[in-house]
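This report refers to the structure that appears directly beneath it.
The values are calculated or read from the model by the stated rules, or taken from the named source; none is laboratory data. Every value quoted in this text rests on a predicted model; they were computed, and no experiment measured them. Note that each Cβ is placed from the backbone with ideal geometry, even for glycine, and that neighbours are counted across all protein chains shown. Side chains included, ligands, DNA and RNA excluded: accessible areas come from the protein's heavy atoms. Shrake-Rupley method; radii C 1.70, N 1.55, O 1.52, S 1.80 Å.
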Amino acid sequence: MTDAPAGRTLRFEILGAVRALRGDEPVDLGPAKQRAVLAVLLLEAGRPVPTHQIVDAVWGDGPPENGANVVQKYVAGLRRVLEPERSPRTPGELIALTNGGYVLRADPDALDAERFQTGLARASAERRAGQLVEAAETLREALDLWQGEALAGLSGPVFEAARNRLSDARATAWEKWADIELARGNHTGLMPDLVRLVEQFPLREGLRAQLMIALHQGGRQAEALAVFRDARAYFLDEFGAEPGERMQETHRRILRGEPFYAEPVDPWAASDEIPVPRGPAGDAPPAATSGSLIAAPSGYIQQYVPPDPTEIVAAPASPGHPPLSPWGGAPPPPAYAAPRRRFPIGEVIFAALLPFVVCSFGSWIYFVYAGARRQDKRQFLVAVGYALLFVVALVFAAIDPSPLESPDLSTAEAIGFLMFMGIAVVASVHGAVLASHPGDTPGTRSLREQARQFALFDPARARQLGIGRPDLLRAFDDGGLVDVNHVPGHELARLPGLSSEQAHRIVMDRLNRGPYARPDELIARGVLPARTVSRLATRLICLPVTPANTPAGWHSPHSAPRG
């Protein structure tokens, strides 16, 4: 680990709140933004992080005017608390400045996420050697490193993506541990943990299947079947999809009364390594070297190789099974009935009538509501503008009042009352148009997050269901996600702030250089500027591509695709 005064070691934690500890004593990391800068460096430990990438990760759409200077100030603050014995004029050793940006140089064991990854690899080796007890203990020790939600308290697309990757690795580790315990016959002691884990990771079908097996082996078949019914209802309600093949097969075997784990099994037979997070930057999976949290096993995300159309043939049908698709065993995403979006007629009427009901005085009220509901600062500025216009109209109406007995209005009063009427008309039309386009609401953000989590644990089914494919008719609403690896170019061009030229550049890049593992690879490959990707980060998703699933190419929105 990293050297520290008086022989005490310096350790870092991100599997929970971001912390640094010298020995057992926590280090005061300073302001929240300074802690966020450290988190970015820890996610890329051992690799340089450009200053602009730190700014985008920490501040998102609201960067400071002199972002580079602010980052430099926070790095200096981190150096003072992490290397207190370093002379102020001496270059930093723990956090060094290189040509590629700032790099945090720490020993692999200094970061809890790296120790978690090492524990998973050691458990895998022990399991292959038949050491079930040791493998289970090693996995529990690795899982005990978690102290809550990863990167707790940090927000933004970069931290959310890293948090999801780490959470997925954690859930996978729990599944491997449960597999070992079931193989050892410890189904009774496993049930409470599996019930808790299903609640914590509701999208993990593997954990639900393991709970069904544990109940079945404990002689509680009815409860095992109830778990399947609950899971089926959950997936149908949330995604309009049936449970996956693993749960379906577990359900069939329970109905037939077949035993599980009758012979020694290898839970890692299909995968010798547990998928671990990839870093938020870089074009290729990094090697599993020291200091790299984002080390990933080779082939974790499959490289796309375009299939030869002349070699695509239909596979013969086997008895009792339908013929396979000429797309290589998995049919292309089907077309579903288009989801109906309810037109917000009530909100439109409210927005249109409000300015007249309050005689233009409250023309700003709806825009405050829209800004709060959509979390859009621009609507608050619009509300301020209407309020100021009302004040100006009020001033005109009051500066030269006409006598009470006079039937005519003064010029100033006429201007003021005309402004009142104009404000009401404009605000009415403006509000009605805004209300008729719901935009990005907490509801759509929740739908996107649910769909993103579903795609994270089962990308193959996500592709078949059309997640991130607005060009398909689908039975559910994914909140407007766009799959950068599969959606046609003309759909990419419909994203706000993305030109047709940029959309075409994305399509050509993914065809020539392979699919994207993460949206921020658009920045690393020089396809889109960082500001554009940051603005669209909540809408973009990158489902992995298989050779049997060719990404859609570019079609001009003004011409039909060529056959």
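The set of residues in the stretch 415-438 that are surrounded by fewer than 17 Cβ atoms within 10 Å (Cβ to Cβ), of a type in the set (A, V, I, L, M) and more than 24 Å from Pro401 (Cβ to Cβ) comprises Val425, Val426, Val429, Val433.
When you go through Val71, Val133, Val55 one by one, which is the residue that is out of contact with any strand residue (DSSP E or B) (no Cβ under 9 Å at 6 or more places or on another chain) and farther than 30 Å from Trp174 by Cα? First the steps, then the outcome.
Numbers: Val71 fails: out of contact with any strand residue (DSSP E or B) (no Cβ under 9 Å at 6 or more places or on another chain); Val133 fails: farther than 30 Å from Trp174 by Cα.
Going through Val71, Val133, Val55 in turn, just one is out of contact with any strand residue (DSSP E or B) (no Cβ under 9 Å at 6 or more places or on another chain) and farther than 30 Å from Trp174 by Cα: Val55.
Here is a list: Val75, Val55. Which entry is open to solvent by less than 30 Å² (accessible area, probe 1.4 Å) and either part of a strand (DSSP E or B) or touching a helix residue (DSSP H, G or I) at 6+ places or on another chain (Cβ under 6 Å) (or both)? Give the steps one after another, and end with the answer.
Working: Val75 fails: either part of a strand (DSSP E or B) or touching a helix residue (DSSP H, G or I) at 6+ places or on another chain (Cβ under 6 Å) (or both).
Testing whether each residue is open to solvent by less than 30 Å² (accessible area, probe 1.4 Å) and either part of a strand (DSSP E or B) or touching a helix residue (DSSP H, G or I) at 6+ places or on another chain (Cβ under 6 Å) (or both) leaves just Val55.
I need the full set of residues from the stretch 357-373 which are surrounded by fewer than 19 Cβ atoms within 10 Å (Cβ to Cβ) and of a type in the set (A, V, I, L, M), in order please. Within the stretch 357-373, Val357, Val358, Val368, Ala372 qualify.
If we scan the stretch 99-114, do we find a residue that is open to solvent by less than 60 Å² (accessible area, probe 1.4 Å), under 30 Å from Ala183 (Cα atoms) and either part of a strand (DSSP E or B) or in contact with a Ser or Thr (Cβ under 9 Å, 6 or more places away or on another chain) (or both)?
yes
Against the condition in contact with an Asp or Glu (Cβ under 9 Å, 6 or more places away or on another chain), at pLDDT 90 or above and more than 18 Å from Ala152 (Cα to Cα), how does Leu94 come out, does it pass?
Working: in contact with an Asp or Glu (Cβ under 9 Å, 6 or more places away or on another chain): yes; at pLDDT 90 or above: yes; more than 18 Å from Ala152 (Cα to Cα): yes.
Judged against the criteria, Leu94 is a match.
When only residues in the stretch 463-490 that are touching a Ser or Thr at 6+ places or on another chain (Cβ under 7 Å) and more than 24 Å from Gly244 (Cβ to Cβ) count, which is surrounded by the fewest Cβ atoms within 10 Å (Cβ to Cβ)? Here the residue is Gly480. Where helices (runs of 4 or more DSSP H) fall entirely within the stretch 425-535, those with at least 2 residues that are charged (D, E, K, R), free of Cβ contacts under 8 Å to residues at least 40 places away in the same chain and farther than 27 Å from Gln248 by Cα are at 500-513. Pairs linking a residue in the stretch 61-77 that is under 17 Å from Glu93 (Cα atoms) to a residue that is open to solvent by 90 Å² or more (accessible area, probe 1.4 Å) and of a type in the set (A, V, I, L, M, F, W, C), with Cβ atoms under 9 Å and 6 or more positions apart or on different chains, are Gln72/Leu97; Val75/Leu97.
Scanning the stretch 39-60 for residues that are over 19 Å from Val533 (Cα atoms) and without any contact (Cβ under 8 Å) to a residue 60 or more places away in the chain gives a single hit, Pro48. His187 meets all of the listed conditions (1) without any contact (Cβ under 8 Å) to a residue 40 or more places away in the chain; (2) under 30 Å from Ala517 (Cα atoms); (3) surrounded by 20 or more Cβ atoms within 10 Å (Cβ to Cβ); (4) touching a Gly at 6+ places or on another chain (Cβ under 9 Å) but one, namely (2).
Within the group Gly100, Gly119, which residue is within 27 Å of Gln34 (Cβ to Cβ) and either in contact (Cβ under 8 Å) with a residue 12 or more places away in the chain or in contact with a Pro (Cβ under 7 Å, 6 or more places away or on another chain) (or both)? First the steps, then the outcome.
Numbers: Gly119 fails: within 27 Å of Gln34 (Cβ to Cβ).
The conditions single out Gly100.
Assessment of the stretch 193-201 against the conditions (buried (at least 20 other Cβ atoms within 10 Å of the Cβ) and touching a Phe, Trp or Tyr at 6+ places or on another chain (Cβ under 6 Å)) yields at least one matching residue. Quick check: is even one residue across the stretch 77-91 farther than 26 Å from Arg163 by Cβ, touching an Asp or Glu at 6+ places or on another chain (Cβ under 8 Å) and at pLDDT below 95? Looking through the stretch 77-91, at least one residue is farther than 26 Å from Arg163 by Cβ, touching an Asp or Glu at 6+ places or on another chain (Cβ under 8 Å) and at pLDDT below 95. Taking every residue in the stretch 349-360 that is under 14 Å from Phe390 (Cβ atoms) and pairing it with any residue that is open to solvent by 100 Å² or more (accessible area, probe 1.4 Å) and modelled with pLDDT of 90 or more, at least 6 positions away or on another chain, yields no pair with a Cβ-Cβ distance below 7 Å.
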